[in-house]
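Scroll down for the structure; my scribbles are underneath it.
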Amino acid sequence: QVQLVESGGGLVQPGGSLKLSCAASGSMFIINTMGWYRQAPGKQRELVATITSGGRANYADSVKGRFTISRDNAENTVYLQMNSLKPDDTAVYYCNAYVLHYASEYWGQGTQVTVSS
């Protein structure tokens, strides 16, 4: 079983920055893809960004140019640097991991990001 623990959420003013971290543990095999999703009140969960073990990143159009995803394979940790934050970025952010060997995906508990003045 893979466990994901997120950290780094909080309250920030519009235009500010936050960095989220997610540490994975418990996998005996490579975590093929790690990523971040978010869910705002009354809305469906949506993809923010993903990154493969080889470093290939994918972003939602709404965050391109503002957010950067990165990962440390040795530490099984994924990061999301969020700059130029907007009120529309307010949501619970969830870490996600996919392990091909298990053919399973895993979710963290979520961390709240609030962008407000």
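Here is how the numbers come out for the structure above:
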read-out: Within the stretch 18-35, tally of residues that are assigned to a loop (DSSP other than H, G, I, E, B) and either open to solvent by less than 60 Å² (accessible area, probe 1.4 Å) or of a type in the set (D, E) (or both); value: 4
read-out: Scope the stretch 92-117; condition closer than 20 Å to R66 by Cβ, open to solvent by 60 Å² or more (accessible area, probe 1.4 Å) and assigned to a strand (DSSP E or B); matching residues; value: Q112
read-out: Candidates L4, L11, filtered to the one that is surrounded by 14 or more Cβ atoms within 10 Å (Cβ to Cβ) and either at pLDDT 95 or above or of a type in the set (S, T, N, Q) (or both); value: L4
read-out: Subset of the stretch 77-91 [among the acidic types (D, E) and either without any contact (Cβ under 8 Å) to a residue 12 or more places away in the chain or crowded, with 22+ Cβ neighbours inside 10 Å (or both)]; value: D89
read-out: Scope the stretch 50-69; condition assigned to a strand (DSSP E or B), open to solvent by less than 50 Å² (accessible area, probe 1.4 Å) and more than 17 Å from V99 (Cα to Cα); matching residues; value: F67, I69
read-out: Options I51, I30, I69; residue that is of a type outside the set (G, A, S) and out of contact with any strand residue (DSSP E or B) (no Cβ under 7 Å at 6 or more places or on another chain); value: I30
read-out: Of the criteria (1) closer than 16 Å to G9 by Cα; (2) in contact (Cβ under 8 Å) with a residue 24 or more places away in the chain, which one T68 fails; value: (2)
read-out: Any chance A91 is among the small types (G, A, S), at pLDDT below 95 and more than 11 Å from the chain's Cα centre (by Cα); value: no
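The values are calculated or read from the model by the stated rules, or taken from the named source; none is laboratory data. For clarity, every value in this text was computed on a predicted model and none was experimentally measured. Methodologically, a virtual Cβ is constructed for each residue, glycine included, from the backbone with ideal geometry; neighbour enumeration extends over all protein chains shown. When the accessible area is computed, the model is the full protein with side chains, heavy atoms only, and any ligands, DNA or RNA have been set aside. Shrake-Rupley method; radii C 1.70, N 1.55, O 1.52, S 1.80 Å.
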